[in-house]
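The values are calculated or read from the model by the stated rules, or taken from the named source; none is laboratory data. What you see is a predicted model; the values in this text were computed from it and never measured. Quick reminder, even Gly has a Cβ in these numbers, built from the backbone with ideal geometry, and neighbours come from all protein chains shown.
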Amino acid sequence: MCNLVPIALTVGANRIVPTISIPYPLGDPNTPPEEQWKLRYHRVGVALDALATDISEQTVFRVKV
Amino acid sequence: MKKGILYINQFFGQIGGEEQADFEPVIREGLVGPATALDEALDDVTITHTIICGDNYMGSHTEEALRRISGFLQDKDFDIFFAGPAFRAGRYGIACGNVCQMVQEQFKVPVVTSMNDENPGVEMFRQKIYILKGGKSAADMRKDIKAMAQLGQKLAKGEPIGAAQDEGYFGRGERHQTVMDPPIPAADRVVDMLLKKLNNQPFQSELPIPKPDRVPIAPAVKDLSKATIAFVTSGGIVPKDNPDRIQSASATKWGRYNISQYKDRLPAGEYKTIHAGYDPAAANEDPNRIFPLDALRAYEREGKFGKLHDYYYATVGTGTTQGEAARMGREIAQHLHEGNVDAVILVST
């Protein structure tokens, strides 16, 4: 899970889930706590699903929140 | 006299440090920071403008940042574009690469930057732009600026550029015809090489093949509901007294910390980040922004996965060499194996 997806692709990470920033990958302090929680819960869920997904090449998984 | 423009980050642009990393792009007339030394090192080129942008802004809003910088350049007249030097600073290196690539494509002007071989920007951009082999830190500024000036001057004047090892840039994977001096036929050269090889003597291939360093894809976890998941981060989240004394930059150490007692977050105040490469305020206020323990515990309770491993693992990923990172990764993986961990979520900052 990272903000700089191009770096993750360059260094060879295979399952990649985007986050929202460098200092706060999973919760923007300028948003209400509920919003941060929603984002975190969604993206960690995508990451867990990614672990259980067979892939044949480097894959950036889609996030909706 | 030819004209040049230099791109630098918020730090070298004298805007500020990590707290200013979200600084939005600006263009300044004349010389800011390293532009002065670059201008002095150039004989037939004058630096007319300096563009400054925060590394995080460029990293998180790349398209918008490039769009604005392109806008700054529309009415400028320039023959060469410089960026950096970026040394080992990863975000800065990637920013320099992105800006140079955009300028080269949109303005058809030659570009030059400089990075250390450990900078991830090298692998991302070396085939597209000239990246000089630079030093590790700003202590090498003078030397790197001089190299940028030398190559930049040639490019600005349209002079021929020699091979990578002669000019000091990272090989771009391009092949050019050259005339050997003295002229030795290829058949003789290859037999000489073969003889050296047979005698175990060193020889240099004329067609070096770069080695790709790819990580095999791990198979999917078959049954997530029975899996043990561990959390690993390069975001530097550690107990507040940093018991393993992990370095804040160029880390060579990592730590593992027991989290079995924590239900939904590492308590702020007791845990903090020691990472010197990003503003720690958000992470220190709520470590969940880096280590999403609340979400992991929620999924664990729901039964989406079996169990969260009792330890999390942390190091600092800024200025950290690829060699050290690979070693720490192997060491951490060994522990995870011993702990019967099935899969890992890694958050980087």
Conditions (1) among the acidic types (Asp, Glu); (2) surrounded by 11 or more Cβ atoms within 10 Å (Cβ to Cβ); (3) modelled with pLDDT under 90; number of the one not met by residue B:213: (2)
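Applying the selection to the stretch B:287-303, what residues are in contact with a Ser or Thr (Cβ under 7 Å, 6 or more places away or on another chain) and either facing chain A (nearest Cβ under 10 Å) or in a strand (DSSP E or B) (or both)?
Going residue by residue through the stretch B:287-303, those that are in contact with a Ser or Thr (Cβ under 7 Å, 6 or more places away or on another chain) are B:290-291, B:303.
B:290, B:291 - these are the residues of the stretch B:287-303 that are in contact with a Ser or Thr (Cβ under 7 Å, 6 or more places away or on another chain) and either facing chain A (nearest Cβ under 10 Å) or in a strand (DSSP E or B) (or both).
Yes/no per residue for (1) touching a residue at least 12 places away in the same chain (Cβ under 8 Å); (2) in the same structural domain as residue B:325 (by TED's automatic domain parsing); (3) in contact with a strand residue (DSSP E or B) (Cβ under 7 Å, 6 or more places away or on another chain):
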| residue | (1), (2), (3) |
| --- | --- |
| B:115 | yes, no, yes |
| B:127 | yes, no, no |
| B:181 | no, no, no |
| B:186 | no, no, no |
| B:191 | no, no, no |
| B:194 | no, no, no |
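Somewhere in the stretch B:83-92, is a residue of a type in the set (A, V, I, L, M) and within 14 Å of chain A (Cβ to nearest Cβ)?
Yes: the stretch B:83-92 contains one or more residues that are of a type in the set (A, V, I, L, M) and within 14 Å of chain A (Cβ to nearest Cβ).
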Spans of helices (runs of 4 or more DSSP H) in the stretch B:1-87 with at least 3 residues under 15 Å from residue B:150 (Cα atoms) and among the small types (Gly, Ala, Ser): B:35-41
Given the criterion touching a helix residue (DSSP H, G or I) at 6+ places or on another chain (Cβ under 6 Å), surrounded by fewer than 21 Cβ atoms within 10 Å (Cβ to Cβ) and acidic (Asp, Glu), identify the matching residue among B:264, B:310. B:264
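Given the criterion loosely packed, with under 14 Cβ neighbours inside 10 Å, within 22 Å of residue A:2 (Cβ to Cβ) and out of contact with any Pro (no Cβ under 6 Å at 6 or more places or on another chain), identify the matching residue among B:277, B:323, B:269, B:236.
Numbers: B:277 fails: loosely packed, with under 14 Cβ neighbours inside 10 Å; B:269 fails: within 22 Å of residue A:2 (Cβ to Cβ); B:236 fails: loosely packed, with under 14 Cβ neighbours inside 10 Å.
So the residue among B:277, B:323, B:269, B:236 that is loosely packed, with under 14 Cβ neighbours inside 10 Å, within 22 Å of residue A:2 (Cβ to Cβ) and out of contact with any Pro (no Cβ under 6 Å at 6 or more places or on another chain) is B:323.
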Residue B:227 in contact with a Phe, Trp or Tyr (Cβ under 6 Å, 6 or more places away or on another chain) and not polar (S, T, N, Q): yes
Confirm whether residue A:3 is under 22 Å from residue B:277 (Cα atoms), free of Cβ contacts under 8 Å to residues at least 24 places away in the same chain and more than 8 Å from every other protein chain (Cβ to nearest Cβ). no
Only one of these is surrounded by fewer than 17 Cβ atoms within 10 Å (Cβ to Cβ) and at the interface with chain B (Cβ under 8 Å from one of its Cβ atoms): A:55, A:22. Name it. A:55
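From the list B:64, B:18, B:40, which residue is under 21 Å from residue A:7 (Cα atoms) and either free of Cβ contacts under 8 Å to residues at least 12 places away in the same chain or among the β-branched types (Val, Ile, Thr) (or both)? Break it down into steps so the answer makes sense when it comes.
Values: B:18 fails: either free of Cβ contacts under 8 Å to residues at least 12 places away in the same chain or among the β-branched types (Val, Ile, Thr) (or both); B:40 fails: under 21 Å from residue A:7 (Cα atoms).
Testing whether each residue is under 21 Å from residue A:7 (Cα atoms) and either free of Cβ contacts under 8 Å to residues at least 12 places away in the same chain or among the β-branched types (Val, Ile, Thr) (or both) leaves just B:64.
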With the structure loaded, tell me whether residue B:252 is within 13 Å of chain A (Cβ to nearest Cβ) and among the polar types (S, T, N, Q) or whether it fails that test. no
Test for residue B:113: is it surrounded by 15 or more Cβ atoms within 10 Å (Cβ to Cβ) and not aliphatic (A, V, I, L, M): yes
In the stretch B:289-329, what count of residues is obtained for those that are modelled with pLDDT of 95 or more and in contact with a His (Cβ under 7 Å, 6 or more places away or on another chain)? 1
Hey, any hits in the stretch A:7-27 for a residue that's closer than 16 Å to residue B:304 by Cβ, outside any loop (DSSP other than H, G, I, E, B) and among the charged types (D, E, K, R)? no
Please enumerate the residues belonging to the stretch B:90-106 that are crowded, with 24+ Cβ neighbours inside 10 Å and closer than 22 Å to residue B:150 by Cβ. B:92, B:93, B:96, B:97, B:99, B:100, B:103
Tell me whether the stretch A:39-51 contains one or more residues that are assigned to a loop (DSSP other than H, G, I, E, B) and more than 8 Å from chain B (Cβ to nearest Cβ). no
Among (1) touching a residue at least 12 places away in the same chain (Cβ under 8 Å); (2) more than 10 Å from every other protein chain (Cβ to nearest Cβ); (3) in a loop (DSSP other than H, G, I, E, B), residue B:278 falls short only on (2)
